[in-house]
Amino acid sequence: MDFTLPPEIEAIAETARRFAEAEILPQIGAYEASGEFPHAIIEKMGATGLFGASFPENLGGTDAGFLAVAVISEEISRIAPEFGYAMNMQAMTCPFTIYNWGTDDQISRFVPDLIAGRRIGMFALTEPGGGSDAAGAMQTTALRDGDVYRLNGSKQWITFAHACDTGILFAKTDLDAGHRGITAFIVEPKAHDGFTANPIAMSGLSNVLCSNAVFLDDFVVPVENRLGGEGEGFKIAMNALEYGRLTVAARSVGLAQACFEESVRYANERVIRGQPIGHYQMVQHLIADMAVNVDAARVLVHRTGWLMDRGEPSSRATSRAKYAAVEAAKHAAASAAEIFAGYALADEYPIKKFTAYVNMLAVGEGTPNVQRILIAEDALGIKNANRHPVRNRLRGN
Ligand SMILES: Cc1cc2nc3c(=O)[nH]c(=O)nc-3n(C[C@H](O)[C@H](O)[C@H](O)COP(=O)(O)OP(=O)(O)OC[C@H]3O[C@@H](n4cnc5c(N)ncnc54)[C@H](O)[C@@H]3O)c2cc1C
């Protein structure tokens, strides 16, 4: 008998897999060709329950938990990596942060529409000055002006900003207080002037589900949209990266699995010198390493979801899972490229696209070096990775 997940989690993974195959794959090309944001697919993902796993039923969620978020993220990313972004913007970093830190009014105003896919989310932390030190590099200001804040500055790489209805954005309300001067805001770019999002062209990645350079010019945020207190933004952002890492790690496993499956298929089909290349030991070496790396990374991701479902400290496990999953995905993409050789570069095969998404996931929610620092400092006893409690309102802490 094999190690298996609980049957209800397997069923959720199967639902995500079927949805991606039937509802996303056949339509991706048309959206890319037209340049239209795929609102209809995002809304259907919401209606199918793919975004609501970590939310209670009274908000439209399914209360299925974080392990469910992980398996959905893996399946979506395996089949349609460009839609993996939605697992952060519609299912985790944006709505879950509002759910964790928002007032009852903010939660009921914003969370149900985000997880239903009726409104598009965003999580705007990074600035041009550098993502690895988001607090140190932050220059965007939010100055109080009566009942509103006026935001000025810029953000970089902000996914879905061009389509965003409801996002979270971090800015400094106190320029002299370092990371204690950062405040979180729920922003509504379409409701107020002063927000410009310019999609960044990136070879190999989607042109419609894309990331943006954002410019804020006296962009107005009503005071009632502040998330938490002034100065609480850094804590809120670091918490969000924690559960954001769960989805990014799971998405990386999905891509690693996709590279593995394509490689196995191709190695069995491609005949060179009278036999399939999969019969050559050097190709088998690549296949064996891929198989084990993917399995190992998946177990670490599942452990993280399991810890989060129990409401237990999970920062150590999350960093390790994200690091391992990205390493597995990078190895799998490089191995697939070697096995496909010239055909890895052809648009007809998915290896080029998988590689681009692996590179993107490597930096999302902290680069490999950032994870190495967190993991090593924890192991060496310099900084306990689990020292800060991570807020997880679904599980009561
Ligand atoms: C496609 C895409 C989508 C994204 N979406 C979003 C989004 O929606 N919202 C958002 O807020 N951000 C988003 N990001 C930003 C992402 O989080 C950052 O790219 C990431 O944090 C790294 O920041 P950086 O690219 O500025 O690299 P830098 O911080 O400039 O790092 C450059 C290199 O230096 C290394 N380095 C930095 N500090 C150290 C150190 N102390 N020790 C050792 N090495 C170090 C890094 O590991 C890296 O290798 C996105 C990025 C991409 C590419």
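Tabulated data
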read-out: Meets criteria (polar (S, T, N, Q), out of contact with any strand residue (DSSP E or B) (no Cβ under 8 Å at 6 or more places or on another chain) and within 14 Å of the ligand (Cβ to nearest atom)) for Ser108; value: no
read-out: Some residue of the stretch 129-142 being of a type in the set (D, E, K, R), away from the ligand (no atom under 16 Å from the Cβ) and under 20 Å from the mean Cα position of the chain (by Cα); value: no
read-out: Among residues of the stretch 107-159, those that are touching a Phe, Trp or Tyr at 6+ places or on another chain (Cβ under 9 Å), polar (S, T, N, Q) and not in a strand (DSSP E or B), counted; value: 2
read-out: Condition met for His162 (touching a Pro at 6+ places or on another chain (Cβ under 6 Å) and more than 10 Å from the ligand (Cβ to nearest atom)); value: yes
read-out: Every residue from the stretch 360-395 that is surrounded by 17 or more Cβ atoms within 10 Å (Cβ to Cβ), within 14 Å of the ligand (Cβ to nearest atom) and not hydrophobic (A, V, I, L, M, F, W, C); value: Gly364, Glu365, Gly366, Gln371
read-out: Test result for Phe195, touching a residue at least 60 places away in the same chain (Cβ under 8 Å) and crowded, with 18+ Cβ neighbours inside 10 Å; value: no
read-out: Residue within the stretch 1-16 that is at pLDDT below 95 and charged (D, E, K, R) present; value: yes
read-out: Qualifying residue in the stretch 176-185 (condition: modelled with pLDDT of 95 or more and under 18 Å from the mean Cα position of the chain (by Cα)); value: no
read-out: Of all residues making up the stretch 160-194, the number that are touching a Ser or Thr at 6+ places or on another chain (Cβ under 7 Å) and assigned to a loop (DSSP other than H, G, I, E, B); value: 3
read-out: Count of the stretch 62-74 residues which are under 15 Å from Glu8 (Cβ atoms) and surrounded by 20 or more Cβ atoms within 10 Å (Cβ to Cβ); value: 9
read-out: Residue within the stretch 350-358 that is of a type outside the set (Lys, Arg), closer than 24 Å to Gly254 by Cα, in contact (Cβ under 8 Å) with a residue 12 or more places away in the chain and away from the ligand (no atom under 16 Å from the Cβ) present; value: yes
read-out: Residue match in the stretch 90-101 (condition: near the ligand (Cβ under 10 Å from one of its atoms) and in contact (Cβ under 8 Å) with a residue 12 or more places away in the chain); value: yes
read-out: Only listed residue being away from the ligand (no atom under 12 Å from the Cβ) and either under 29 Å from Ile72 (Cβ atoms) or at pLDDT 95 or above (or both), chosen from Phe219, Phe170; value: Phe219
read-out: Among (1) surrounded by 18 or more Cβ atoms within 10 Å (Cβ to Cβ); (2) at positive phi, the one test that Lys330 misses; value: (2)
read-out: Tabulated pairs, the stretch 132-146, first assigned by TED's automatic domain parsing to the domain that holds Met238, second within 14 Å of the ligand (Cβ to nearest atom), C-beta under 6 angstrom, 6+ apart or interchain; value: none
read-out: Candidates Leu209, Leu246 - the one that is crowded, with 24+ Cβ neighbours inside 10 Å and assigned to a helix (DSSP H, G or I); value: Leu246
read-out: Pairs, first under 14 Å from Met308 (Cα atoms) in the stretch 381-397, second among the charged types (D, E, K, R), C-beta under 6 Å, six or more apart; value: Asn386/Arg316; Val390/Glu242
read-out: Qualifying position, being within 12 Å of the ligand (Cβ to nearest atom) and either among the aromatic types (Phe, Trp, Tyr) or at pLDDT below 95 (or both), among Ser203, Ser211; value: Ser203
read-out: Filter result for Ala324 (part of a helix (DSSP H, G or I), farther than 25 Å from Gly65 by Cβ and at pLDDT 95 or above); value: no
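The values are calculated or read from the model by the stated rules, or taken from the named source; none is laboratory data. Small disclaimer: the values here were computed from a predicted structure and weren't measured. Neighbour counts are summed over all protein chains in view; Cβ atoms, including those assigned to glycine, are modelled from backbone coordinates with ideal geometry.
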